[in-house]
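**Q** The structure that follows is given in the form of structure tokens.
Here, each number is a calculation from the coordinates, and none is a lab measurement. Predicted model only: the values in this text are computed from it and were never measured. Here the Cβ positions follow ideal geometry from the backbone for every residue, glycine too, while neighbour counts run over all protein chains shown.
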Amino acid sequence: MPLLKVDKLTKSFGGLTAVSNVSIDINKGELVGLIGPNGAGKTTLFNLLTGVYVPSSGSIALKKNAATIELGGKKPYHVTKEGLARTFQNIRLFKDLTVMDNVRIAMHQNVKYGLVSAFLHFNKYHKEEDELKAEAERLLEIFHLSHKKMELARNLPYGEQRHLEIARALATKPSLLLLDEPAAGMNPYETAALTEIIGWIRNEFGLTILLIEHDMSLVMKICERIYVLDYGMLIASGEPNKIKKNKRVIEAYLGEDVSNA
């Protein structure tokens, strides 16, 4: 089966159906886009996948080793532990902690030492903490943040806060990474750099990536397949060349033929 299989997923808030009967498959190693107009249900879908919301109906199945894990109804920290991590449309860092501590906090869900080892500072504790520190340093180096590791997260420029949030998500060692508008608020130079980083981390970490993004140049350049939502319903799916020529997608979202994007 695919790494992630979403089947007939629906979420209603009272009389409003934000996501309606959505089914998507994401295979291991793919980089998949999720696009659509504001209010189409994209972030609601992310919130369902990551345990922020409980589905009204439908299923979310994640393949993990030889097992299939049902994620619907699990708490966000359980979803993360199963291997699904995310970033947010509105950046959510621990802004009064250092850059380094933001990354190291995310790593501690995977520590193997126990409370006694931590309290008494046994060798096992020191060894694993040294390993975590080294991995955090590596992640910060990837995102060019090593020289700012002792700065408070709130003091970073906006683009670097975006990078730190992705680094923190990677620190949980996910198999599937969800990026919610990672290029939002970035200038063209920052967006171009981010495009390269996303492609690189997919290959370097062996990740599968699902991203929401409004920057069509980024989406069309790096995504292998694209799903399109409108009013909570899936209206199209396929390769970028197919999507950007789809009349229904053009009418609902793109507004024009973006065949040169």
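**Q** If I fit a long axis through the Cα atoms of helix 158-170 and take the longest principal axis of the Cα atoms of the chain, what angle between them do I get, 0 to 90°, rounded to 10?
**A** Taking the Cα atoms of the chain, the angle to 158-170 is about 80 degrees.
**Q** Within a Cβ distance under 12 Å of Ala192, other residues only, what is the Lys/Arg minus Asp/Glu net charge?
**A** Taking every other residue near Ala192 into account, the sum is -2.
**Q** List every residue whose amide H lies under 5 Å from the amide H of Ile69, counting only residues 5 or more places away in sequence or on a different chain, with H placed 1.01 Å from N in the peptide plane.
**A** Leu62, Lys63, Lys64
**Q** Once you list every other residue whose beta carbon is under 9 Å from the beta carbon of Ile69, what net charge do they have if Lys and Arg are +1 and Asp and Glu are -1?
**A** Overall, the nearby charge balance is +1.
**Q** Something else about it: Could you work out the helix-only [θ] at 222 nm for the chain, with each DSSP H run of four or more residues adding -39,500 (n - 2.57) and the total divided by the number of residues, to the nearest 500 deg cm²/dmol?
**A** One gets -10500 deg cm²/dmol as the mean residue ellipticity at 222 nm.
**Q** Once R0 is set to 22 Å, what does the formula 1/(1 + (r/R0)^6) return for the Cβ-Cβ distance between Asp7 and Asn38, expressed as a FRET efficiency to the nearest 0.05?
**A** The computed FRET efficiency comes out at 0.25.
**Q** Would you work out the charge dipole size for the chain about its Cα centre, treating the Cβ of every Lys and Arg as +1 and the Cβ of every Asp and Glu as -1, and quote it to the nearest 20 debye?
**A** In total the dipole reaches around 680 debye.
**Q** Let me ask something else. Please compute the net charge surrounding His147, taking Lys and Arg as +1 and Asp and Glu as -1 over other residues with Cβ under 15 Å from its Cβ.
**A** Net of charged neighbours comes to -1.
**Q** Moving to a separate point now. Given springs between every Cα pair under 10 Å in a Gaussian network model of the chain, which of Ser237, Ser59, Ser12 has the largest fluctuation?
**A** Among Ser237, Ser59, Ser12, the largest GNM mean-square fluctuation belongs to Ser12.
**Q** Taking amide H positions as placed 1.01 Å from N in the peptide plane, with prolines and chain starts having none, which residues 5 or more places from Phe88, or on another chain, fall under 5 Å of its amide H?
**A** Asp180
**Q** Within the set Lys28/Lys221; Lys148/Lys173; Lys64/Lys127, which residue pairs have Cα atoms separated by over 24 Å?
**A** Listed pairs above 24 Å: Lys64/Lys127.
**Q** Another one. Among Met186, Met220, Met107, which one shows the highest mean-square fluctuation when the chain is modelled as a Gaussian network with alpha-carbon springs under 10 Å?
**A** Fluctuation is largest for Met186.
**Q** Sequence gap at least 6, Cα distance under 8 Å: using those rules, report the relative contact order of segment 190-261 to the nearest whole percent.
**A** 20
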